[in-house]
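Participant: Quick one: this structure, given as structure tokens, is what I'll be asking you about.
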Amino acid sequence: MTRVRRFNRTVTQRVGALDDHFLALDRPLGQARVLWEIGTDGVDIRTLRARLGLDSGYLSRLLRALADDGLVRVENSAADARVRTARLTDEGRAERAELDRRSDTMAADMLGGLSPAERDRLVAAMGEVERLLIASTVRVGVVDPGHPHARFCLGSYYAELAERFEEGFDPAASATGEADLRPPNGLLLVATLADEPVGCGALLFHPGEPAYIKRMWVSRTVRGLGLGRRLLRELEGTARERGHTKVHLETNRALPEAIRMYRTSGYREVDRFNDEVYGHHFFEKDL
């Protein structure tokens with residue numbers, strides 16, 4: 001914990017997070033970040049709030065300050081009057097461009113005192129820290145399969161399988177239906193990042209049989225963060241809590257990365273244990 005706190009202090013000081021005039025502009029870091037996140041095309045307030053992890057009151061104050069300076073306007077969406085959208089004015093776009101320029105200058109200054117090898121090490125370390133910090137903000141929880149987040153994940157999963165399987169994919173041909181993803185038959189875990197669904201995994205309970213893992217999917221936008229293994233661990237832990245000592249799963253030969261993940265996660269290949277039409281490789285693991 002001490003090292004984490006020391007790292008946080010070093011970073012906040014180095015990037016000027018404590019300065020009321022971030023990058024020598026006449027506004028603090030919070031306002032500058034909101035200005036940058038709104039972007040040139042604008043963004044709805046709900047998305048902006050989720051992306052930045054801010055409560056409604058604090059974000060409203062930041063937007064009001066930017067609006068008072070003539071940089072931002074907040075308006076109702078033309079498509080849905082209930083949705084409020086933040087957009088940059090011409091002055092806002094100009095300040096955002098200047099913010100980009102000064103951010104580039106800060107980055108160059110940060111690297112300027114280092115040797116080429118040290119720069120490579122720092123940039124690589126930054127990439128690793130960023131990846132792990134993003135992974136730490138992912139939330140995983142049980143969601144009803146009828147929830148919009150669940151429908152998005154399952155729909156994306158079906159679409160990807162249809163694209164990758166040689167024979168295509170028809171959810172109706174699978175042995176698992178939506179009713180299987182609800183208690184007491186089973187459950188569905190959904191992973192979210194900034195309140196957006198990015199992955200899922202299901203666990204089915206068949207009397208007298210091992211728990212059965214299905215519907216494992218991770219969005220292409222977050223692959224490489226270890227989310228697939230995290231979902232797998234969460235499902236195994238839930239199965240163990242329910243008294244199961246073994247889990248089953250199967251996958252298709254068109255998914256070599258899934259096969260590799262299961263093998264390196266302690267699963268062993270076994271004989272076919274069901275009539276799943278899309279199953280080629282069948283796995284088992286003792287919990």
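The values are calculated or read from the model by the stated rules, or taken from the named source; none is laboratory data. Please read these numbers as outputs of a predicted model, since none were measured by experiment. Cβ coordinates were reconstructed from backbone atoms using ideal geometry, including for glycine residues, and neighbour counts include every protein chain displayed. Remember, those area values only see protein heavy atoms, side chains included, never the ligands or the DNA or RNA. Shrake-Rupley method; radii C 1.70, N 1.55, O 1.52, S 1.80 Å.
Participant: From the C-alpha coordinates alone, can you work out the Kirkwood hydrodynamic radius of the range 160-287, in Å? Don't jump to the answer; show the numbers that get you there.
Facilitator: On the way: mean 1/r = 0.0663 Å⁻¹.
Answer for the range 160-287: a Kirkwood hydrodynamic radius of 15.1 Å.
Participant: Between Ala135 and His206, take the C-beta separation as r, use R0 = 35 Å, and let me know the FRET efficiency to the nearest 0.05.
Facilitator: Result of the calculation: an efficiency of 0.65.
Participant: In addition: How big is the accessible area of Leu287 in square angstrom, nearest 10, if you roll a 1.4 angstrom probe over the protein chains?
Facilitator: Using a 1.4 Å probe on the heavy atoms, I get roughly 60 Å².
Participant: Right, something else. Please report the equivalent ellipsoid semi-axes of the range 113-171, computed as sqrt(5 x eigenvalue) of the Cα gyration tensor, largest first, in whole Å.
Facilitator: On the way: eigenvalues 311, 71, 7 Å².
Here the semi-axes work out to 39, 19, 6 Å.
Participant: Give me the distance between the Cα centres of the range 98-124 and the range 242-272, rounded to whole Å.
Facilitator: The range 98-124 and the range 242-272 have Cα centres spaced 43 Å from each other.
Participant: Viscosity 1.002 mPa s, temperature 20 °C: Stokes-Einstein D of the chain from its Kirkwood Cα radius, in µm² per second? Don't jump to the answer; show the numbers that get you there.
Facilitator: On the way: Rh = 22.4 Å.
Answer, rounded: 96 µm²/s.
Participant: Another one. Using a 1.4 angstrom probe on heavy atoms only, work out the carbon and sulfur share of the accessible area of the range 1-102 in %. Spell out each step's value before the answer.
Facilitator: On the way: 3230 of 6600 Å².
Heavy-atom surface of the range 1-102 belonging to carbon and sulfur, 1.4 Å probe: 49 percent.
Participant: Per residue and in Å³, how big is the convex hull formed by the alpha-carbon atoms of the range 1-134?
Facilitator: Details: hull volume 18.6 nm³, N = 134.
Each residue corresponds to 139 Å³ of Cα convex hull volume.
Participant: Here is a follow-up. Please arrange Met126, Met106 by accessible surface area, largest first, computed with a 1.4 Å probe and ligands excluded.
Facilitator: Values: Met126 85, Met106 45 Å².
Listed by decreasing accessible area, they come as Met126, Met106.
Participant: Here's another thing I want to ask about it. Need one number: the % of Cα-Cα pairs in the range 36-108 sitting beyond the 19 Å mark.
Facilitator: Result: 37 percent of Cα pairs exceed 19 Å.
Participant: Please state the charge dipole magnitude for the range 165-235, taken about the Cα centre, from unit charges on C-beta atoms (+1 on K and R, -1 on D and E), reported in debye and rounded to the nearest 20. All intermediate terms of the calculation are to be shown ahead of the outcome.
Facilitator: Details: 8 positive and 9 negative charges, 77 e Å.
Dipole size: approximately 360 debye.
Participant: Quick one: Karplus J couplings for the range 257-268, per residue in order, coefficients 6.51, -1.76, 1.60, θ = phi - 60°, nearest Hz, x for Gly and Pro?
Facilitator: Running phi through 6.51 cos²θ - 1.76 cosθ + 1.60 with θ = phi - 60° gives 5, 5, 4, 5, 4, 5, 5, 7, 9, x, 8, 10 Hz.
Participant: Still on this structure, I have one more. At most 16 other C-beta atoms within 10 Å and a DSSP loop state: those are the exposed chymotrypsin sites (Phe, Trp or Tyr not before Pro) I care about. Give me the longest piece of the chain that has none. Write down the numbers at each step before the final one.
Facilitator: Values: sites that count: Phe165, Phe273.
Formally, the longest exposed-site-free interval is 1-164.
Participant: Give, rounded to the nearest 20 debye, the magnitude of the charge dipole that the range 83-219 has about its Cα centre when Lys and Arg contribute +1 at Cβ and Asp and Glu contribute -1 at Cβ. Intermediate results must be reported in sequence, preceding the final value.
Facilitator: Values: 15 positive and 22 negative charges, 65 e Å.
Magnitude of the dipole: close to 320 debye.
Participant: Further question: In terms of modelled amide H atoms, which long-range or inter-chain residues lie less than 5 Å from the amide H of Arg27?
Facilitator: Phe22
Participant: If you add up the charges near Leu54, with Lys and Arg at +1 and Asp and Glu at -1, over every other residue whose beta carbon is less than 15 angstrom from its beta carbon, what do you get?
Facilitator: Numbers: positive: Arg33, Arg46, Arg49, Arg51, Arg61, Arg64, Arg84; negative: Glu37, Asp44, Asp55, Asp195.
With Lys, Arg at +1 and Asp, Glu at -1, the neighbours total +3.
Participant: A follow-up question, please. For Arg3, Arg253, Arg182, give me the order by solvent-accessible area with a 1.4 Å probe, most accessible first, ignoring ligands, DNA and RNA.
Facilitator: On the way: Arg3 185, Arg253 135, Arg182 75 Å².
Largest accessible area first, the list is Arg3, Arg253, Arg182.
Participant: Ok, one more. Give me the three principal axis extents of the range 1-71 from the C-alpha atoms, as integers in angstrom, largest value leading.
Facilitator: Result, largest extent first: 39, 27, 22 Å.
Participant: Next up: Heavy-atom accessible area per residue, the range 210-257, 1.4 Å probe: how many Å²?
Facilitator: It amounts to 46 Å² per residue over the range 210-257.
Participant: How big is the accessible area of His280 in square angstrom, nearest 10, if you roll a 1.4 angstrom probe over the protein chains?
Facilitator: 60
Participant: Right, something else. What whole-number volume per residue, in cubic angstrom, does the convex hull of the C-alpha atoms of the range 49-207 give?
Facilitator: Details: hull volume 36.3 nm³, N = 159.
Convex hull of Cα atoms, per residue: 228 Å³.
Participant: From the Cα gyration tensor of the range 164-233, with a ≥ b ≥ c the square roots of its eigenvalues, which class applies: rounded if a/c is under 1.5, or else prolate if a/b is larger than b/c, or else oblate?
Facilitator: Numbers: a/c = 1.94, a/b = 1.31, b/c = 1.47.
It is oblate, given that a/c is not under 1.5 and a/b is not larger than b/c.
Participant: Residues of the range 65-148: accessible area per residue at 1.4 Å, in Å²? Display every interim value, and only then the final one.
Facilitator: Working: 5490 Å² over 84 residues.
Result: 65 Å² per residue.
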